[in-house]
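These notes concern the structure reproduced below.
The values are calculated or read from the model by the stated rules, or taken from the named source; none is laboratory data. What you are looking at is a predicted structure, and each value in this text was computed from that prediction instead of being measured. Here the Cβ positions follow ideal geometry from the backbone for every residue, glycine too, while neighbour counts run over all protein chains shown. Keep in mind that these areas ignore ligands, DNA and RNA; they rest on the heavy atoms of the full protein, side chains included. Shrake-Rupley method; radii C 1.70, N 1.55, O 1.52, S 1.80 Å.
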Amino acid sequence: MAIQGKTMIIALLACFAFQICFSSDAIFYESFEDSFEGRWIVSEKDEYNGVWKLSKSEGHDDHGLLVSEKARKYAIVKELDDVLNLKDKTIVLQFEVRLQNGLECGGAYLKYLRPQDAGWKAKEFDNDSPYAIMFGPDKCGSTNKVHFILKHKNPKNGEYVEHHLKSPPSVPSDKLTHVYTAILTPDNEVRILVDGEEKKKANFLSSDDFEPALIPAKTIPDPNDKKPEDWDERAKIPDADAVKPDDWDEDAPMEIEDEEAVKPEGWLDDEPEEVDDPEATKPEDWDDEEDGEFEAPKIDNPKCETAPGCGEWKKPMKKNPAYKGKWHAPLIDNPNYKGIWKPQDIPNPDYFEIEKPDFEPIAAIGIEIWTMQDGILFDNILIAADEKVAESYRQTAWKPKFDVEKEKEMAEEAAAGSSDGLSDFKKIFDLLYKIADLPFLSAYNPKIIELIEKGEKQPNITIGILVSVVIVILTVLFRIVFGGKKRPVINNAEATTVAPESSNNQGSGEEKEDEKEKDDAAAPPRRRVSRRDN
């Protein structure tokens with residue numbers, strides 16, 4: 001904890017120095033270290049009833065914008081001081097998200113809004129507020145992606161079309177802080193980074209990278225073209241000249257009795273396949289009036305086990321060689337076949353050519369999401385014109401937090417792994433208790449129980465316990481087979497010294513006192529039932 005505290009102090013000092021040195025290089029930067037009220041405007045639309053809060057990231061002194069309630073819609077927006085032009089320049093969009101309670105179904109993305117219509121007010125921000133770019137994680141059902149969506153205006157018809165990045169990166173499936181970066185460059189490329197690592201590179205003008213393609217197809221199917229009524233799409237048709245053969249019997253069954261079959265010798269015709277269980281007895285609490293007449297459960301007839309069969313013998317069925325099923329005329333090539341019809345292509349009236357995307361400017365940054373999860377924390381929202389500035393923010397604002405969280409996660413996983421190991425030991429001891437209850441070991445049960453209980457207190461001697469129990473079993477089996485009369489010797493001391501004592505005070509203090517009290521007790525060793533009750 002002391003190391004973690006020092007790490008956070010260093011991170012905070014670095015972050016303070018970082019803000020002084022680099023904030024002037026950012027086009028926009030929001031750290032949420034101060035109250036967002038008055039600077040960010042929460043939507044007043046009725047459906048957006050989720051409550052935003054300024055909150056510390058778990059385990060840090062660093063603040064962020066928190067999604068505080070489950071199953072809510074959230075909307076909040078920050079208008080930029082100056083409208084940002086994206087054309088012919090490098091623009092870096094970056095922000096952090098921490099899914100503190102995981103993410104099963106919900107969005108955690110940002111919308112970069114284009115200038116709104118006259119009269120629009122920030123408090124009216126909702127899903128219909130037009131954006132230029134949508135970027136960030138989204139996960140629900142089969143959807144698991146880091147969205148990048150560009151809304152581009154078609155210069156021919158003036159309509160805005162959403163162009164989705166194909167094969168986007170997936171969302172990291174943990175509860176750590178992750179930083180998402182989109183780098184737009186003048187050579188028409190966009191690069192998506194997660195935690196500073198490039199996960200996707202795409203070209204805005206490539207039809208292989210965006211769906212639908214930014215540049216429309218030159219031709220499209222004619223929407224007014226209709227399939228002719230006499231158009232025949234059947235490649236094969238029944239042969240009209242074919243005639244069902246005279247010997248074709250459509251009523252012949254698929255299977256018939258095997259007339260050549262002979263009843264096996266020794267078949268017990270008068271014996272049923274099941275009989276009443278002769279060992280079954282009516283329960284003491286059975287009430288004939290309420291429960292009805294008691295009937296013993298059925299068991300397999302033991303007489304049938306050595307016989308080829310019991311009960312009435314019937315000839316088995318076999319496949320009918322005369323079976324042909326329903327007759328159908330064979331198929332032949334269709335002389336009128338014209339292929340699968342499709343409308344003819346015509347020039348696309350909305351087709352256009354461009355050398356660069358016509359990006360809409362960015363006038364505001366908004367978060368408009370629906371989520372079933374709470375605990376989503378947004379932080380360090382950045383717009384920059386230099387990749388190095390974004391990298392510096394990652395190294396100074398994000399990396400120290402991530403390292404602390406990752407170290408804690410690894411420690412928790414190690415602890416969980418240790419617990420799994422203890423769970424494995426418990427399974428071993430449960431098995432040993434079952435072995436101790438075997439009838440032929442009844443004479444040695446108390447000593448075996450005593451050994452197992454000692455092993456539960458000192459798991460490092462489990463191997464020794466196993467060896468001792470195996471020796472007991474082998475000795476008893478040897479005596480049963482060869483008539484020996486000696487009982488096997490169980491050496492507790494030998495069992496406890498098979499595995500060396502660990503250095504973490506195992507076997508000392510309270511454990512030794514417990515063993516002394518157990519040895520002094522006059523009562524017999526505890527049995528499995530009492531152990532589980534305890």
Practice task
Take Leu86 and decide whether it is aliphatic (A, V, I, L, M) and touching a residue at least 60 places away in the same chain (Cβ under 8 Å).
Solution key: yes
Exercise for the section: Please name all residue pairs, on different chains or six or more residues apart, with Cβ atoms under 9 Å, provided the first residue is in region 391-418 and is assigned to a helix (DSSP H, G or I) and the second residue is at pLDDT 90 or above and open to solvent by 80 Å² or more (accessible area, probe 1.4 Å). Expected result: Glu405/Lys175; Glu409/Lys175
Handout entry: Selected residue (only one of Ser57, Ser129, Ser68 is more than 18 Å from Leu377 (Cβ to Cβ) and small (Gly, Ala, Ser))
Key = Ser129
Exercise for the section: Filter region 230-272 for residues that are among the β-branched types (Val, Ile, Thr) and either surrounded by 12 or more Cβ atoms within 10 Å (Cβ to Cβ) or touching a residue at least 40 places away in the same chain (Cβ under 8 Å) (or both) and give the result. Expected result: Ile237, Ile256
Completion exercise
Quick count over region 132-169, residues being in contact with a Pro (Cβ under 9 Å, 6 or more places away or on another chain) and polar (S, T, N, Q), is 3
Problem - Identity of the residue in region 161-210, aromatic (Phe, Trp, Tyr) and under 26 Å from Val389 (Cβ atoms), that ends up nearest to the chain's Cα centre (by Cα) - result: Tyr180
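Does any residue of region 297-319 turn out to be under 30 Å from Asp230 (Cα atoms), assigned to a loop (DSSP other than H, G, I, E, B) and more than 51 Å from the chain's Cα centre (by Cα)?
Within region 297-319, the subset under 30 Å from Asp230 (Cα atoms) is none.
No, region 297-319 contains no residue that is under 30 Å from Asp230 (Cα atoms), assigned to a loop (DSSP other than H, G, I, E, B) and more than 51 Å from the chain's Cα centre (by Cα).
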Fill in the blank from the handout: When region 197-218 is checked residue by residue, the ones that are surrounded by 15 or more Cβ atoms within 10 Å (Cβ to Cβ) and either of a type in the set (D, E, K, R) or assigned to a loop (DSSP other than H, G, I, E, B) (or both) are Lys199, Lys200, Phe204, Leu205, Asp209, Ala213, Leu214, Ile215, Pro216
Practice task
Determine which member of the set Lys166, Lys175, Lys227 is open to solvent by 50 Å² or more (accessible area, probe 1.4 Å) and not assigned by the TED database to the domain that holds His60.
Solution key: Lys227
Completion exercise
Checking Ser142, Ser129 in turn, the sole residue that is at pLDDT 95 or above, surrounded by fewer than 23 Cβ atoms within 10 Å (Cβ to Cβ) and of a type in the set (Gly, Ala, Ser) turns out to be Ser129
Handout entry: Filter result for Thr371 (open to solvent by 20 Å² or more (accessible area, probe 1.4 Å), in the same structural domain as Tyr112 (by the TED database) and β-branched (Val, Ile, Thr))
Key = no
Practice task
Scan region 32-47 for residues that are open to solvent by less than 20 Å² (accessible area, probe 1.4 Å) and in a loop (DSSP other than H, G, I, E, B) and jot them down.
Solution key: Phe32, Phe36, Ser43
Practice task
Could you please give the count of residues in region 48-64 that are of a type outside the set (Gly, Ala, Ser) and open to solvent by 30 Å² or more (accessible area, probe 1.4 Å)?
Solution key: 8
Problem - Conditions (1) assigned to a loop (DSSP other than H, G, I, E, B); (2) modelled with pLDDT of 95 or more; (3) out of contact with any Lys or Arg (no Cβ under 7 Å at 6 or more places or on another chain); (4) of a type in the set (D, E, K, R): number failed by Asp232 - result: (3)
Practice task
Collect the residues in region 156-173 that are part of a loop (DSSP other than H, G, I, E, B) and touching an Asp or Glu at 6+ places or on another chain (Cβ under 7 Å), keeping them in residue-number order.
Solution key: Lys156, Asn157, Lys166
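Considering only residues that are surrounded by 13 or more Cβ atoms within 10 Å (Cβ to Cβ) and of a type outside the set (Asp, Glu), which ones fall in region 151-163?
Passing the criteria: Lys151, His152, Lys153, Asn154, Tyr160, Val161, His163.
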Practice task
Specify which of the listed residues (Pro347, Pro321, Pro335, Pro357) is open to solvent by 90 Å² or more (accessible area, probe 1.4 Å) and under 30 Å from Val161 (Cα atoms).
Solution key: Pro347
Problem - Residue satisfying condition, being assigned by the TED database to the domain that holds Gly366, farther than 24 Å from Ala385 by Cα and among the basic types (Lys, Arg), within set Lys45, Lys87, Lys78 - result: Lys45
